[in-house]
Amino acid sequence: MFERAYYKGLQTAKIAEKVRDEGFDPLRISDPPGAVYPPHTHPETKLLAFLQGTMQVTVRDETFSCAAGDKLLIPGNVEHSARVGPEGCVYFWSEKLI
């Protein structure tokens, strides 16, 4: 589910390519410092590929400290929440392609 430094050293375009190769459609998101996503679910699996900054993401009862280069896969219908770090966070929020 969580892979630290999975995309380390790769340029943004190469990360997007790898995300697509895994069957996901990457959408670049830029969140301001301190933004909060309260607990919620999505019916589809999500892949987050972190480009800049940090974010604490809680999936079920486990919290992941995500930073640039990290990858987090959130299964569909699983409750999760997040808090963006003090420098903001830029990441690909990706939905599984059909």
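Would you say Lys96 is closer than 22 Å to Lys8 by Cβ, surrounded by 14 or more Cβ atoms within 10 Å (Cβ to Cβ) and either touching a residue at least 40 places away in the same chain (Cβ under 8 Å) or not hydrophobic (A, V, I, L, M, F, W, C) (or both)? Spelling it out, it is not the case that Lys96 is closer than 22 Å to Lys8 by Cβ, surrounded by 14 or more Cβ atoms within 10 Å (Cβ to Cβ) and either touching a residue at least 40 places away in the same chain (Cβ under 8 Å) or not hydrophobic (A, V, I, L, M, F, W, C) (or both).
Within region 52-74, the set of residues being within 15 Å of Pro39 (Cβ to Cβ), free of Cβ contacts under 8 Å to residues at least 40 places away in the same chain and surrounded by fewer than 20 Cβ atoms within 10 Å (Cβ to Cβ) comprises Gln56, Thr58, Arg60, Asp61, Glu62, Thr63. Do we find that Arg4 is closer than 17 Å to Gly69 by Cβ, modelled with pLDDT of 95 or more, touching a Leu at 6+ places or on another chain (Cβ under 8 Å) and basic (Lys, Arg) in this structure? Criteria not met by Arg4. Exactly one residue out of Tyr7, Tyr37, Tyr91 is aromatic (Phe, Trp, Tyr) and either assigned to a loop (DSSP other than H, G, I, E, B) or exposed (fewer than 13 other Cβ atoms within 10 Å of the Cβ) (or both), and it is Tyr7.
The values are calculated or read from the model by the stated rules, or taken from the named source; none is laboratory data. What you are looking at is a predicted structure, and each value in this text was computed from that prediction instead of being measured. Glycine also receives a Cβ, built like all others from the backbone with ideal geometry; neighbour counts cover every protein chain displayed.
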